[in-house]
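To keep things clear, I will list the structure first and then write my remarks on it.
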Amino acid sequence: MGGEKMNNQQNKNLNKFIKISLLGAIAVVLMYFDFPIPFLPFPWLKIDLSDIPALMGAFAFGPMAGIVIELLKNLLILIVKGTGTVFVGEIANFIVGVSLVAPAAWVYHRNKSRKNALLGMILGTLSIEIIGILANVYLLLPAFGMSMVKEELIKYVTVGLLPFNGVKAILVCAITYILYKRVSVAIFKVDSNFDNSRKSKLNSI
């Protein structure tokens, strides 16, 4: 009995590992399809949707799974593509991705419901704005050797980072919200209250 239980747990962990690895691989593919926001005067700020697999994995398996996917995708992109920013771009992608994914999943896993998913996404959006600015100003820009005078820095934050991270967070959260309900049970094999409100009342977590 004990051996069978252990085997079941091992199979469950292996299945979880495979799905997290697959999400990381999908995220790498999505990193190739980046695009700038036309109205921003900073062409190096490009959006990719690689945080969607990370957020879906975090909703399915917990915040740590999302962090692992964010780390995995950036390690894999370094292997298959290399770095054109002396690792600064990959570090930025990881920090910003985690700042969105981890808070959103943490709120959702406290009490799984559609409402908490939305609240988590709102918290994640606020987090990506704050952490994105702090990381750029105090870590990423200095690491990349970019020095800006005060006026330039204020413009970069208000006209660049704030709308960029906001648009990215909204896109990632909206697409995840639409897709997760469809794949949470079918693919992840986890219970989800990403469902209509009536069903949510019938199901307790």
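Look at where the Cα atoms of segment 89-135 and of segment 29-77 average out, and the two centres are 12 Å apart. Between Leu161, Leu45, Leu100, the GNM of the chain built on Cα springs shorter than 10 angstrom shows Leu45 fluctuating the most. Screening the chain for DSSP H helices whose Cα atoms reach 18 Å or more along their own axis and whose mean Kyte hydropathy is at least -0.5 gives 2-31, 63-80, 88-110, 114-135, 162-183.
Dipole magnitude for the chain: about 940 debye, using +1 per Lys or Arg Cβ and -1 per Asp or Glu Cβ, origin at the Cα centre.
For the chain, build the charge dipole from Cβ charges (+1 Lys, Arg; -1 Asp, Glu) around the Cα centre, then report which of Leu45, Leu22, Val137 sits farthest towards its positive end. About the Cα centre, the residue reaching furthest to the positive side is Leu22. For segment 76-175, the list of trypsin sites (Lys or Arg not before Pro) that fall in a loop by DSSP and count at most 12 other C-beta atoms within 10 angstrom reads Lys81.
Here, each number is a calculation from the coordinates, and none is a lab measurement. Note that the structure is predicted; figures quoted are calculated from it, not measured. No Cβ is skipped: glycine too gets one built from the backbone with ideal geometry, and neighbour counts run over all protein chains shown.
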